[in-house]
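Take a look at the structure below.
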Amino acid sequence: MSAAVRPYVWLLKKEYRELVASRAWWVMLLAMGPLVGVTFISAVRTYAEASGLNGTSAGVGEAFSPLIGVWAPTFSACEVAAVFLLPFVGIRLVSGDRQSGALKIELQHPMSAFTRVGAKALVLLGGWIVASTAPAAAVLLWKSYGGSIYPPELAAVAFGHLLNAGLTIALAAAAAALTEHPSTAAILTLSVTVGTWIVNFIAAVQGGVWERVAGYTPPAMIAGFQHGLIRLDVVLIALTLVLAGLALAAVWLRLGVAVRRRVHESIALGALTAAVVFSCAFATPSWDTSESRINSFPEADEVALARIRAPLRIEAHLAPEDPRRADLEHRAIAKLRRVLPKVQVQYVSATSIGLFEQNAPHYGEIWYELGGRREMSRVTTAEGVLETIYALAGVKPPLESEDAIFRGHPLAVPPKGAAAVFYGIWPALVVAGAVLVGRLGR
C-alpha cells in the first residue's frame, strides 16, 4: 500500500469505528425495521384488497402497479428515517471529533479538509446502505409472495432515496461544522428541512416561480423517483448540493484558518453553487423507468407529438389550488414537457383558490396556440389535451393499441411473515449486533 493511501485507509477505519460506536446509528438501524414493516404491511394489504376485485380493464392497471401500490409507500419509511434519524447520525460523527478534541489531532496530518469530510460522508453513506437492507428484505418478501418485480423502476426508487440520504448527510455535515454544539446543529438541520416543506406549501398556494423552485426540494425529488421518473436536472442539482454541503463543512472544519477568510470562502462557494444549480436547471433529458409508463404518453402518441416542430403555448385560467390544475399538470403538462421541450405553460388566476372566480367569463378555459392557430378547451385529461393539440397541428391521432395498455399485476396475497421479520427478527438482530460490537470494543 502506497504512503499516500495509508493515511486515508486509516481515516476510513477510524470513522467506521466511530460509526459503529455511535448509539444514534444503532437507534436508526433499530427503527428502520418497524418503520418499513408498518408501510410494507399496510401497502401489501391494500394491494391485496384491490386485487381481490379482479379489475384489470383499461385505466385500472395503475392500481395494480407494484411501483405505486407497494414500493412507493414502503420506501417512504426511508424518507422518514432520512429526515428525522440520519441527521443525528451525521452530526454525531462530525461533531464528535470536535467535542473530543480529536479534530485538532487530525488537522496535524497532511490531508485536505475535504478528504476528511469525504471520508466521514463515505462511511455515513455505507451506514445508510446497511440500514437500507430493511426495504431490501421487503423486496424479498414480496418476491416470495409471487409478486412481480420490474428492476428498472425499483432501482429508480432506491437511487432516489440514496440521493436523498446524500443530501441529508451533506446538510448534517455542514450544520455540524458551522456550529459549536451538536444540539445547535440539529436545530439548524431541522430548520432547513422545515424550510423545504414551507417552500412546497407556498408553491401549492402561490404557484409560479415558487412551483418551479419547489420541484427541486427533497420531497418533490423523492416523489418523482417513487413514480419511476429520473430527471437529469434533478440529479445534477442534487449532486451539486451534496458536494457544496461537504465543501462548506470542509471550509469550517479548518479551525486554524481565520473566521474572516472562511466567511469569504463560504460566500464564494455559495455563489458558485447558485451558478451551477441555475445551469443544471436547463438540463431537459429524463427517463421513465416505470413499467406502466405512468410518466409518459403511449409510445404511439409520443411518436406523433415528436413530429410537431412548432412551439406550443398553453394558457390555463386555473388557480393554484384548483384540483383541475393539479390534474392538468400531472396527467398532461408534465408528460408534454418530456416530449416537447419548446412547450410554454402559463397559469392565469386572480386568486390562489379560485373559489370566487368560477363565475368569471374566462375562468377554467385552457387556450392552446400552435403554429399561429388558437383553440380553447376546458378538458384537463390527458386524452382531451392530446385531442386539442392534434387538431391544431393537423396530425391524425394514432390508434390506441390494446397491447400498449398496462394491465397491472394483481396479487391477492396477505403479508404473511412480514410482522415477524420487521417487528421481531430485525430488532433482535440489531440488538444482538449492538451487544456484540460493544463487547468487542471493550
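Just want the ordering: R17, R116, from fewest to most Cβ atoms lying within 10 Å of their own Cβ.
R17, R116
Can you give the Kirkwood hydrodynamic radius for segment 129-259, in Å, rounded to one decimal and based on Cα pairs?
On the way: mean 1/r = 0.0597 Å⁻¹.
Its Kirkwood hydrodynamic radius stands at 16.8 Å.
Select from V192, V20, V209 the residue whose mean-square fluctuation is largest in a Gaussian network model of the chain (Cα-Cα springs shorter than 10 Å).
V209
Would you list which lysines come within 26 Å of K342, measuring only between C-alpha atoms, while excluding same-chain residues fewer than 8 positions from it?
Within the straight-line cut-off, K342 pairs with K396.
Given the convex hull over the Cα atoms of segment 213-272, what projected area results after averaging over all orientations, in nm²?
Convex hull of Cα atoms, orientation-averaged projection: 4.7 nm².
If you wrap a convex hull around the alpha carbons of the chain, what volume per residue comes out, as a whole number of Å³?
182 Å³
When the helix-only estimate is applied to the chain (DSSP H runs of n ≥ 4, each -39,500 (n - 2.57), divided by the residue count), what is the mean residue ellipticity at 222 nm, nearest 500 deg cm²/dmol? Mind showing how you got there, number by number?
Working: 18 runs with 267 residues, N = 442.
About -19500 deg cm²/dmol.
Check cross-link reach from K14 to the lysines: straight Cα distance under 28 Å, and skip same-chain residues fewer than eight apart.
K104, K120
Quick one: plug the Kirkwood hydrodynamic radius of segment 299-404 (C-alpha pairs) into Stokes-Einstein at 20 °C, 1.002 mPa s, and report D in µm²/s.
On the way: Rh = 14.4 Å.
The estimated diffusion coefficient comes to 149 µm²/s.
Please sort by residue number the GluC sites (Glu not before Pro) in segment 125-224 whose DSSP state is loop and whose Cβ has at most 14 other Cβ atoms within 10 Å.
Here the GluC sites (Glu not before Pro) that fit, given the DSSP loop and packing criteria, are E180.
May I ask for the net charge around P397, where only other residues with Cβ less than 11 Å from the Cβ of P397 are counted and Lys, Arg are +1 while Asp, Glu are -1? Please list the in-between numbers first.
Details: positive: K396; negative: D301, E383, E387, E400.
My count for the surroundings of P397 gives -3.
Of all DSSP beta bridges in the chain, what percent run antiparallel (nearest 5)?
75 percent
Can you list the lysines whose alpha carbon is less than 19 Å from that of K143, not counting same-chain residues fewer than 8 positions off?
Once the sequence-local lysines are set aside, what remains near K143 is K416.
Averaging over all projection directions, find the projected area of the Cα convex hull of segment 234-308 and quote it in nm² with one decimal place.
Working: hull surface 27.4 nm².
Answer in nm², one decimal: 6.8.
Loop-only check: which trypsin sites (Lys or Arg not before Pro) in segment 329-437 are DSSP coil with at most 16 other Cβ within 10 angstrom?
Sites meeting the loop and neighbour criteria: K342, R378, R407, K416.
Select from segment 381-442 those GluC sites (Glu not before Pro) which occupy a DSSP coil region and have at most 15 other Cβ atoms within 10 Å, ordered by residue number.
Those satisfying the criteria are E400.
No lab work stands behind these numbers, since they all come straight from the coordinates. On a predicted model such as this, the values are computed, not experimentally measured, just so you know. Cβ sites come from the backbone with ideal geometry, for glycine too, and all protein chains shown count toward neighbours.
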